[in-house]
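Scroll down for the structure; my scribbles are underneath it.
The values are calculated or read from the model by the stated rules, or taken from the named source; none is laboratory data. Because the structure is predicted, anything quoted here is derived from the model rather than measured. Here the Cβ positions follow ideal geometry from the backbone for every residue, glycine too, while neighbour counts run over all protein chains shown.
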Amino acid sequence: MRSQKNYDAIVVGGGLVGSAIAYGLSRQNLSVALLDEGDLAFRASRGNFGLVWVQSKGDGMPQYAQWTRRSADLWPEFAEELNGVLGLDIGYRKPGGLAFCMSDQEFEDKQTMLERMRQTVPGGYDFQMIGRNRLKEMLPEIGGKVVGASYCPHDGHVNPLYLLRALHKAIQGQVDYSPNTTINRIERHENIFTAETVEGPVRAPKLVLAAGLGNRELAPQVGLQVPVSPLRGQILITERLKHFLDMPTIYVRQVEEGGVMMGDSHEDVGFDTSTTVDISRSIAQRAISYFPKLADANLVRTWGALRVMTPDGHPIYDQSDSHPGAYVATCHSGVTLAAVHARDLATAIARDSLPDEVGKFTAERFNV
Ligand SMILES: Cc1cc2nc3c(=O)[nH]c(=O)nc-3n(C[C@H](O)[C@H](O)[C@H](O)COP(=O)(O)OP(=O)(O)OC[C@H]3O[C@@H](n4cnc5c(N)ncnc54)[C@H](O)[C@@H]3O)c2cc1C
């Protein structure tokens, strides 16, 4: 039986987005109930690639680029804090990141795009284009067909499973976490939201929907629209190899333990998390074109997971006009944005004042 049923805030969804927000709200001294569906749920948070990635994100939406950059700036301190909570290293490293170019045209196009971003992103945006010779000095194992790369010093990576575990550990004792709790109905009477659970109703004046793909069904109940849909990504990981890659690249990264992760596809296949040989093959071939030595490595695991995609790929943060106190948060970069969700977004929700830059992420942009 639940000991306390009235809270300052209810957060629905215990993935990376909901957990980071619940953690941030508890740091603002709010009492929080975190309600999460359970093991059968689709959980991008447990199947992602682990990049804390800035490079190229937000071309055409400078607010997204700035928000991503802000999160990357917050990450070192955020990781330090979570390392302390977990009592082990969550594996966050920020050596910068590389995106390889396979033709001169691709190299030029990337340079043009990043230059455009440098000029339009408020607060600055650093990158360098690296030609073949210099890349070969940096990465002696690089494949012969790679003509160069873009490098961004704001990029990094982390062990995403440790990140989620650390967030869940950090909220212990602060947040009432209920796994295996699917929320189907939310009501609001006299400024209080009620979420029905098998253990009885949970109430709070504030509600944050962070249920990933589940937000689509829940949001209309509080006057919000969240047009998210699944986009599958498959990932492969090799046996442990001697370290040869110190910095993450957009499709290949070597984890602390030595395994090489290769990612990731973008497949519109509905709610299907299975893996397929043809996609695994194309992911492996791309990785081998970057690093030919990977052709000799044994794969130990492949998996599929569903991205939580909005129509334009940018996050949705919204608050309800018809149901004041109800918020929604969803994105397809929940690892990258975990720091800014725990800090800026949670603080803004706690104070009921979303800053202007967050206001740009309302789903109303899709109604134009
Ligand atoms: C292949 C792949 C690679 C990726 N790589 C990266 C990367 O390198 N860097 C990066 O930043 N991001 C990456 N992402 C994206 C990142 O994983 C997601 O943005 C993030 O996990 C989304 O977190 P979330 O909490 O919104 O969603 P989820 O992880 O899907 O969690 C949603 C939670 O809501 C719960 N829920 C749903 N419906 C209900 C309901 N009705 N009642 C109660 N609970 C409910 C579920 O139980 C689930 O735990 C990747 C994603 C994929 C699929």
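Among the residues of the range 274-281, are any loosely packed, with under 14 Cβ neighbours inside 10 Å and within 16 Å of residue 46 (Cα to Cα)?
Taking the range 274-281 as the starting set, the residues that turn out to be loosely packed, with under 14 Cβ neighbours inside 10 Å are 274, 277-278, 281.
From what's left, within 16 Å of residue 46 (Cα to Cα): 274.
Within the range 274-281, one or more residues are loosely packed, with under 14 Cβ neighbours inside 10 Å and within 16 Å of residue 46 (Cα to Cα).
Contact map, the range 210-238: first residue not assigned by TED's automatic domain parsing to the domain that holds residue 261 and among the charged types (D, E, K, R), second residue at pLDDT below 95 and within 7 Å of the ligand (Cβ to nearest atom), Cβ cut-off under 7 Å, separation 6 or more or different chains; the map is empty. The set of residues in the range 209-224 being more than 11 Å from the ligand (Cβ to nearest atom) and assigned to a strand (DSSP E or B) is empty. Please verify whether residue 110 is more than 22 Å from residue 337 (Cα to Cα) and either within 14 Å of the ligand (Cβ to nearest atom) or surrounded by 16 or more Cβ atoms within 10 Å (Cβ to Cβ) (or both), treating the condition exactly as stated. Spelling it out, residue 110 is indeed more than 22 Å from residue 337 (Cα to Cα) and either within 14 Å of the ligand (Cβ to nearest atom) or surrounded by 16 or more Cβ atoms within 10 Å (Cβ to Cβ) (or both). Of the strands (runs of 3 or more DSSP E) entirely within the range 258-368, those holding at least 3 residues that are within 22 Å of residue 157 (Cβ to Cβ) and touching a residue at least 40 places away in the same chain (Cβ under 8 Å) occupy 299-309.
Consider the range 282-304 and keep the residues that are under 30 Å from residue 41 (Cβ atoms) and touching a helix residue (DSSP H, G or I) at 6+ places or on another chain (Cβ under 6 Å). The one that is surrounded by the most Cβ atoms within 10 Å (Cβ to Cβ) is 287.
To keep it simple, each residue is scored yes or no on (1) in contact with a helix residue (DSSP H, G or I) (Cβ under 6 Å, 6 or more places away or on another chain); (2) of a type in the set (Val, Ile, Thr); (3) surrounded by 24 or more Cβ atoms within 10 Å (Cβ to Cβ).
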site: 6; (1), (2), (3): no, no, no
site: 53; (1), (2), (3): no, no, no
site: 62; (1), (2), (3): yes, no, no
site: 85; (1), (2), (3): yes, yes, no
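Residues in the range 42-79 that are part of a loop (DSSP other than H, G, I, E, B), under 21 Å from residue 210 (Cβ atoms) and at pLDDT 95 or above: 4 in all.
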